[in-house]
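Asks: Here it is: the structure, laid out below.
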Amino acid sequence: MFSWRNGSTVLVLVTVLATPGTPARAQQQSAEIQRAVPEQSRPATAPDALRLRTLEVVWMRAARERDTAALDGLLAKDFVHITYNGRVLSKADALRAPVAPPTDRQALSQVVVRQYGKTGIVTGLNTVTTADGVVEVRLRFTDVFVRINDRWKVVSAQETPDLRPSAATP
């Protein structure tokens with residue numbers, strides 16, 4: 001299931017899609033969807049959205065386990081990462097980055113995937129907790145993927161600390 005920012009748009013789509021009818025009604029429904037959801041707001045297609053969500057998890061694990069082969073295959077050669085503290089890292093920097101403490105846990109949530117042709121944008125929240133469950137940091141992220149030779153590659157990543165109390169995180 002996809003999350004869209006505009007709840008009323010989802011309601012319109014559910015109402016339109018749930019209405020039974022003839023093939024002519026189906027064409028009308030398609031036109032209504034096109035008007036109700038501007039192209040730039042449409043979610044990624046199901047296979048691409050699933051693939052990009054999966055790549056986020058693969059990337060998180062590869063970074064945690066220092067799987068440089070996986071990272072090398074995932075990151076574009078001109079990859080740029082702007083960290084939560086403002087550092088700018090290249091692909092080479094990302095491949096040399098230190099390993100997170102083995103007791104820390106990461107969880108991705110509020111993940112939204114949008115697609116613009118051969119570009120995928122993934123936003124979400126990465127919560128890092130210690131072994132005893134204390135939230136160490138919450139980072140909002142934006143990752144940009146581009147389909148290059150039929151493979152999704154990460155070209156850019158940016159993190160921003162979410163400093164709000166945990167209860168305030170929607």
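The values are calculated or read from the model by the stated rules, or taken from the named source; none is laboratory data. Being a predicted model, the structure only gives us computed values, none of them experimental. Backbone-built Cβ (ideal geometry, glycine too); neighbour counts: all protein chains shown. Surface accessibility is based on the protein's heavy atoms, side chains included, excluding ligands, DNA and RNA. Shrake-Rupley method; radii C 1.70, N 1.55, O 1.52, S 1.80 Å.
Asks: Could you tell me what % of all Cα pairs in segment 40-170 have separations over 24 Å?
Replies: 28 percent
Asks: Ranked highest first by the average count of other Cβ atoms within 10 Å around their residues, in what order do 86-95, 107-116 fall? If you can, show how the numbers build up before the last one.
Replies: Values: 86-95: 13.5, 107-116: 15.6.
Order by mean packing, descending: 107-116, 86-95.
Asks: What's the extension gain from residue 128 to residue 66 if we count 0.36 nm per residue and subtract their Cα-Cα distance?
Replies: Numbers: separation 62, 0.36 × 62 = 22.32 nm, distance 1.72 nm.
Between residue 128 and residue 66, full extension yields 20.6 nm more.
Asks: Over segment 47-170, with the other protein chains present, what is the accessible area per residue in square angstrom, probe 1.4 angstrom? Intermediate results must be reported in sequence, preceding the final value.
Replies: On the way: 6960 Å² over 124 residues.
That works out to 56 Å² for each residue.
Asks: Explain nothing, just the number: relative contact order of segment 62-170, from Cα pairs under 8 Å at least 6 residues apart, as a whole percent.
Replies: In percent, rounded to a whole number, it is 25.
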